[in-house]
1. Per residue of B:73-86, how many C-beta atoms from partner chains lie within 10 Å of its own C-beta, taken as a mean?
2. For peptide A:30-42, compute the average count of partner chain beta-carbon atoms within 10 Å of each residue's beta-carbon.
3. Based on the Cα atoms of segment B:45-133, what semi-axes does the equivalent ellipsoid have, where each is the square root of 5 times one gyration tensor eigenvalue, given in whole Å with the largest first?
4. Can you give the FRET efficiency to the nearest 0.05 for residue B:108 and residue A:119, using r as the Cβ-Cβ distance and R₀ = 35 Å?
5. In whole percent, what relative contact order does segment B:65-113 give with Cα contacts below 8 Å and a gap of six or more residues?
6. How do B:36, B:107 line up, fewest other C-beta atoms within 10 Å first?
7. Among B:95-101, B:4-10, B:122-128, what's the highest-first ranking by average C-beta atoms within 10 angstrom per residue?
8. Going by average Cβ neighbours within 10 Å, how do the peptides A:111-118, B:111-118 rank, with the highest at the top?
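Derivation of every value follows stated rules applied to the coordinates shown; laboratory data play no part. Note that the coordinates shown come from a computational prediction; the quantities given were computed from them, not determined experimentally. Heads up, the Cβs are rebuilt from the backbone with ideal geometry, glycines too, and the neighbour counts pull from every protein chain shown.
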């Protein structure tokens, strides 16, 4: 089942709101939208190269979820492993200015932020479904 | 004098990464906003010139979520001077048996633990600032 072999890497960037949203969108994929169906890879460990993450992304389709247009997760996957199977740029969903606002503690998230998380997670889920459909 | 860089790991799989992240946000946004700032580890690890310029030769503190110490290693490799480094599990002894939450949310005990980690970072900041004066 390819569903168990699709990776998702978020940038989880600590400098901007987009990073906060990217992290929570991937957690939403793990816990609500595709529970047990995605492998979440840790970006710093992926780049360090000693956790098996790179090998996973070389073999299996991997989706990058980035918080801003620097697209660090996407670039890292393409540099060290393979072309991404899909990518989500949170800044394209919520706007660059909003994405570059200060990062937030999870205790300060509002309904507006959770709507951003939903939109980013839904986009990631849509890419996931397209990958599965192509593999059948 | 530039601000001290306090950098957590971005670990997403377990609660330790979130504890690292929340403790650093407490320090940089609430407890020591004038003396500290954080940098995006995802950007640091790309080694882009822009981020290297921000971190090279700068005083840094890292808070990692696991023994892989990705934040510490990445900051050092990018030229940051890590004067203090911590791992969330190192302070678990006094918290055995507690449930701290997941990579998505912290429980009440989790927030208390994050607060404790933040205070450890605050003491580091004070010590570093004292040495500068």
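1. Numbers: counts 4, 4, 0, 0, 2, 0, 0, 0, 0, 0, 0, 0, 0, 0.
Averaged over the peptide's residues, the number is 1.
2. Working: counts 5, 3, 1, 0, 0, 0, 0, 0, 0, 1, 3, 2, 11.
Whole-number average of other-chain Cβ neighbours for A:30-42 is 2.
3. Working: eigenvalues 147, 59, 22 Å².
Ellipsoid semi-axes (Å, largest first): 27, 17, 11.
4. 0.75
5. Values: 27 pairs, mean separation 13.0, N = 49.
It comes to 27 percent, rounded to a whole number.
6. Numbers: B:36 23, B:107 14.
So the residues, fewest neighbours to most, are B:107, B:36.
7. Values: B:95-101: 13.6, B:4-10: 27.9, B:122-128: 15.9.
Ranked by mean Cβ neighbours within 10 Å, highest first: B:4-10, B:122-128, B:95-101.
8. Numbers: A:111-118: 14.8, B:111-118: 19.5.
Averaged packing, sorted descending, gives the order B:111-118, A:111-118.
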